[in-house]
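> First, the structure itself, so that you have it in front of you.
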Amino acid sequence: MEAHEEKPIIYTMENKPIVTCAGDQSLFTSLYTSLAQQLPRESMEWRRSYGRAPKMIHLEANFVQFKEELLPKDGNRALLTFPFLHIYWTDCCDTEMYKASVKDDMLRWQSTLRLHGSVDWLIVVVESEAKKKNKTNILPRTSIVDKIRNDFCNKQSDRCVVLSDPLKESSRSQDSWSAFLTKLRTLLLMSFTKNLGRFEDDMRTLREKRTEPGWSFCDYFMVQEELAFVFEMLQQFEDALVQYDELDALFTQYVLNFGAGDGANWLGSFCAPVKRWSGLLLRRPIDMEKRELIQRGEASLLDLRSYLFSRQCTLLIFLQRPWEVTQRALELLHNCVQELRLLEVYVVQGALDCWVFLSCLEVLHRIEGCCDRAQLEANCSHTVGLWTYATEKLKSLGYLCGLVAEKVPTSEDLNRTVDLLAGLGEERPETVNSLQSPYKKLNEALSSVEAFEKHYLELSHAAMEMYRAIGRMRSARLIGKSLAEFYMKKGDPERAEGFLDDSLRSYVAEGWRLQVTHTRKQMAECQKLLQQTEDYLQTSALLAGDANLTEEERKHFCQEILTFASQPPAPSDQTVALSMAAFAQLRQMQFSPPGAVVHVGAALQLELRVRCLMPVAMQVEQLAATLHFSLEQGGARGRAGSAQRRAGHGPQGQGDGVVMFPQGSPLAGAGMGASLPPALELYEMQDRSPSDSSLTSTGVVCKNMHLLLRRHDSSASLDTPTAGALPAAVAVDDGAQMLRARDITLQPGDNSILFTAPTGEPGSYTLRQLCGSVGRVQFVQSHIYPVVQYEVYSQEPQLTIEPLSDNLLAGIPQKVTFTIATGHYSVKKGDALQLSNTDSMPILHSSCCSATVLSSTGERMGESALSIQSSEKVTSISLPPTPPYHTLEFQLEVLCHIPPTPFKPDIERLTNGEVRHRPKSHSHVDSGMINIDQKVSIDCPWSIYSTLIALTFYVPFKAKHSILSAGKRKYIQVCLQNVSDTNFHLADPVLTERQPTVSMELLSLNVKTQQPVCSQQSVFCLWEMRWAKPLPLCLQCAFSASFAPVSASDTHTAFKPYRYEFQLDRVSTLYSLKAEISPPSGDQHCRTGALCGLEVSITRQAEPSETEGEEEESTEIEGLRTTKLMYEVVDNSSNWAVCGKSSGVVSMPVAASATHRVQMEVMPLFAGHLPFPNIKVFKYLPHNAVPAIQPDTDSCLENDTISLLDKGLDDQGDTASIRSRGSVHSVGSGEQQRGLPMPRLEPFSPGQVFYWSQGRQVLVLPVTDDHVMEVNVT
Amino acid sequence: MAVCIAVIAKENYPLYIRSVPVQNELKFHYTVHTSLDVVEEKISAVGKAMADQRELYLGLLYPTEDYKVYPSHMIIVYYTPVCIFFLLIENILLYRHTRYGYVTNSKVKFVIVVDSSNTSLRDNEIRSMFRKLHNSFTDVMCNPFYNPGDTIQSKAFDSMVSAMMVQAS
């Protein structure tokens, strides 16, 4: 390898393949310039062996004079000095001259070449016109070339080329140049292919021998690098890089195999202790020093790696891939450290750090050297790893050399530093003049504490900036945290705080527990140094409750708090408020009673379950929850209901007064809250119309919207009480109302604390803050969520009276319950209810009446006797003493008298002077029962006003009466219907006259004195009237009977009277009506279709009495008093056809036994026993004001009155019906009669007309059968 | 094989993290946490192509040479000189019946830290580890008693992870 030493110049990057030139040197010199210019102008395709892809290649060459020394000797594999082509130049055109000298020279050249086995040669014959002109005796020009070809190129005629007039600008010259160049390129490539192929084969053979004992990696390295050099020379950097990568991989594999126990001998040299750690050197294309070390087999692992990487770096930069350099650099550095460990190479402590640090900076410098600023900034992500690595290494060096401390380094540290610096050696000449060289930096950094700090901060900040720029915030924070550690070591906690805070925040936000604990511990240390008492205590509290710490550590932090708490308070600040979250977690609250709705003054207890996070039992002097009181007045009853619902609908409320506090996932404690939004709490909402509770709208309501929609800012919230003061909300609210528990010991874990809630005033109480005091320290939870609240209501005393059964029945004594809800009123001894007595509803009291006292929860408290005093007007019930918010119940019997029917309006004065409201009675729609609203006026002790309470009674019976006649005899029937649901016994029905007249006697026809009346059944009673004197016009009767429920035990005393009064008018029979149907003359029976005679005789039965006479319309005609009657024959069942007029008016003389007969003709329409047609009689009252209407003549009377009648009957003026019914004769006169005053018709009272023929029938035969039925029998 | 296995929730908090040896837990937590930077970078770089891509494997992620400082005697001990991080983005769709009936797309991340001195580990083996991890994680998710977002406390998952971890000698 002496060649290298002789010609070091070849190691510049300007290397070109060598081409030797023999022959006419002056000729070549003249052509050299154009040749060197034109050779690389066109590219050639290089086809390569082993299936490698062909490449287009621009050839260049280094033309040197041929010397025999240039030819490679055997075994020399140096490729760079290898002449790839030998050219012989001549311009001989003279045969003589050729034979004389040139040929011999050529032969010599050839033999030298052959001797060295070189077959890559070319003979160039240059022809020029000038030479031809000078020499006249020239042979044809081809002859020289032919001769040469004959002599030398015995089968390779292409080895000799002609170059014509190379220095002239002619087309011939051009053509010959291009032919020559093509030939030259082709031959060069052929030579490359051949020689490189041979070289590669040799190399591969060598590599295969690597398992042989004598094999050396360094030797092989040199060989393969030779190939890399050639590729580089040919500008095939990719191929060159491949060679180095192969070497790299081979070496790595050996190291790994060594690690696996398969050691190679040659590796021994690499296992030598590392003595130099000067870092990478990337400024030179080839680091000859290292290369020589490798060549001599003296290189250390770091040397080899450094050299290899410097070569790779050079090639990558040629390939314009600087970012791959940084990536590979990082890999290399990691790998080297790893390999040294694996090979168990002894390295001075810190030496590797130096090496890595220098190398990182060197790579970064190299990259900066070949890229502009913009490019660098855009590719931070590639360089930042190196920056970080360098920072880490510098930091560890700093720690190692005692530079990170408040004190100056010790002598031991200084010795170590000197040792490390010694290993760096001298600074390389390349960087001596550079102020910022890595070497200088390291030297300076290790020289003093201040310089170290400067460099370390510079690097750290640079790395952090880059991380920030590319958005790797976590990495940036990690560097920040390591900076903070540095500052803490330097005793500079102010600067450390910011970094720690930043890191802690991010860890808390992302929920990494271990980091949080670790950083928080550092933070605590920092805060302690800074004397930020409050923050320190807060952090201590968090740490004391941190399960990731050991028990001792937790106790230590807990003790810190306790120590502070027990110190006498400084005059400046009294207490320190800390967040409760670190101290304890709320688990649940439970109200007792569970409804959380109580009346004023009632006992309400609140059980709070707290998980204390402290490692030791804590003495809490006071645990207080402030209450927010809002006065919400309203119907206490209604509010109670809504409050109940609210409590039950709470997020975790189960309706049993338990409020569960949501627990953040145990994983991150407070941190999770920040990273995960709280779950949606959705509830169904229904809006009902207040009047009829129909649904008006419905929807979904999000209850924790304020949590979900709040700004997620980074400012400190209670969840992350890491830094700074706690938010102002923690300011302890000195609310007047508080839940308080004093001197509690909170054990680690779950504790239960019982509070007694104040219930002094009505309103709603909401728990706002929870505050536990331990000496000077207060633990405050500023919000309690979900909302915990309870309601206190105040209730007015209330009295209600309710029946025991569904309905109260009038007439029989029944029990009603008096219920007194005492509300806020306390019933004292001597308080009494004053009931105003009414006649219609007496209070039936017995002495053995007792009252029950119930508590607000319905518990039976006691029973005491009631004393009831009754005076004429007032019933006084003295109540037993009852505490407030209790219920007093007792029962009394009341009786509502059934008012006689029909009721008479009577306004009476009540005993207390009020106008008595007449009991209203109206028909009960459902059952047909008549009800009576009975109002009771009660004076209650708690009010100056009387209370009116309405009770509704139902009358159990309904009575009807009717009068029945038989001729002159009269009967009264009373029908009593039981409309209630109860069965009764009815006894002693009696009918009396209210103003008894001697003349009349009522004879009872009832057999039974007592009979049952079942529900919804009726009983009929009958009396006959007998009288001596003429009856009065109006008869007042009263029906009375006794009734008792069937179920009543003591029937005799239980019988209660029932009375029914009625009035009968115009009882006596005035007329009797008799009808007779006579068959047509000569016939025995009526026949269908045959007219029969109907004779109606109306007979006056009695002399009208005085009173009656007034009422009866009578006219005096010629001294004879007559009344007019109208009769009408109506056959509704269509059995009869009335022929002729069916109605008429007759004048009846007012005299007994006066009879009027009317003859009519009727025709039966059917055969059989036909009932008589109906005959009706009305009083006919002609209109007094119109005398003209008075019938004057008998003849015309009938006709006229009928039409009038028709009008009169249908008083409502239904003309359609008039017309239809309308008799034939009324059509014409109907119009003129309209508008005229009309006579009136008035029906008789029942009983005034007795119809004799009621129910009579007459036999009607069918007409004689004229039809003959022929029956043929065959 | 692996020295640390972590399952990280969409919101970047650990659902599961386990490492051997235990005393270096904190360091692993820091490393895994920091590696999330690169994870996020990769995810955003891959961007929308991820959606239809079935390949969830992100490959070698975050090589580092780490060391541990014992503050007591200031000796630098090289622990795992090169840790190799592999990452898989968990992208299974979780159909769960919730009250509100929405579907979450869980972007759960898996991180495996491998001791780089273990050179025999091939890419394929890392992939198969991820596949196992993924399957086991899916099982955990299918547990009706598991609440997505909670830390994983499944014994089956734990034993699977144990099997993949090298037992520190």
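> Extension gain A:R284-A:S752, at 0.36 nm per residue separation less the Cα-Cα distance, in nm?
Extra length available between A:R284 and A:S752 comes to 160.7 nm.
> Something else: Taking the alpha-carbon centroid of each part, what is the distance from region A:597-622 to region A:237-311 in angstrom?
Cα centroid to Cα centroid, the span is 74 Å.
> Another question about this same structure. Based on other C-beta atoms within 10 Å, arrange A:V1013, A:V418, A:V242 from fewest to most.
Fewest-to-most ranking of A:V1013, A:V418, A:V242: A:V418, A:V242, A:V1013.
> Something else now. Taking amide H positions as placed in the peptide plane 1.01 Å from N, state which residues far from A:G763 in sequence (5 or more) or on other chains have amide H under 5 Å from it.
Residues meeting the amide H criterion: A:E632, A:V792, A:Y793.
> Taking 0.36 nm per intervening residue step and subtracting the Cα-Cα distance, what contour gain separates A:W1252 from A:Q65 on full extension?
409.7 nm
> Pull out the extension gain between A:T575 and A:L319, defined as 0.36 nm times the separation in residues minus the alpha carbon to alpha carbon distance; nm, one decimal.
Length gained, A:T575 through A:L319: 85.2 nm.
> While we're here: Once you've got the Cα coordinates, tell me which of A:K960/A:K1074; A:K16/A:K183; A:K209/A:K290 are over 28 Å apart.
A:K960/A:K1074
> So, one more: Between A:T550 and A:K490, what FRET efficiency follows from the Cβ-Cβ distance if R0 is 22 Å, with the result rounded to 0.05?
Rounded to the nearest 0.05, the efficiency is 0.20.
> Turning to a different aspect of this structure: With r defined as the distance between the Cβ atoms of A:V119 and A:S216 and R0 fixed at 30 Å, what FRET efficiency is calculated, to the nearest 0.05?
Once rounded, the FRET efficiency stands at 0.40.
> Determine the alpha carbon to alpha carbon distance for each of A:K490/A:K521; A:K395/A:K521; A:K481/B:K155; A:K67/A:K194; B:K132/B:K155 and list only those over 25 Å.
Going by Cα-Cα distance, A:K481/B:K155 fall outside the 25 Å limit.
> Put a dot 7 Å past each Cα toward the Cβ at A:S864 and A:E1001; how far apart are the dots in nm?
6.5 nm
> List A:E225, A:E208, A:E169 from most exposed to least, where exposure is judged by having the fewest other Cβ atoms within 10 Å.
So the residues, fewest neighbours to most, are A:E169, A:E208, A:E225.
> Here's something else I'd like to know. How far apart, in nm, are two points set 7 Å out from the Cα along the Cα-to-Cβ line at A:D419 and at A:C1014?
Each label point is offset 7 Å from its Cα along the Cβ direction, giving 12.4 nm.
> Is region A:462-557 rounded, prolate or oblate when judged by the Cα gyration tensor, a ≥ b ≥ c being the square roots of its eigenvalues, rounded requiring a/c under 1.5 and prolate requiring a/b larger than b/c?
Note, shape of region A:462-557 comes out oblate.
> If amide hydrogens are placed 1.01 Å from N in the peptide plane, which non-local residues have theirs closer than 5 Å to the one on A:F953?
Amide H to amide H, under 5 Å and 5 or more residues apart or across chains, A:F953 pairs with A:I932, A:D933, A:Q934.
> Moving on to the next point. Calculate the spin-label point distance for A:E1076 paired with B:V22, positioning each point 7 Å from the Cα along the beta-carbon direction, and give it in nanometres.
13.5 nm
> Order of A:M589, A:M861 from fewest to most other C-beta atoms within 10 Å?
Lowest to highest Cβ neighbour count: A:M861, A:M589.
> What whole-number distance in Å separates the alpha-carbon centres of region A:425-481 and region A:1119-1177?
Region A:425-481 and region A:1119-1177 have Cα centres separated by 141 Å.
Coordinate-derived values only; no laboratory data. These numbers were taken from a predicted model, which means no experiment stands behind them. As a convention, Cβ positions derive from the backbone with ideal geometry for all residues, glycine included, and neighbour counts pool all protein chains shown.
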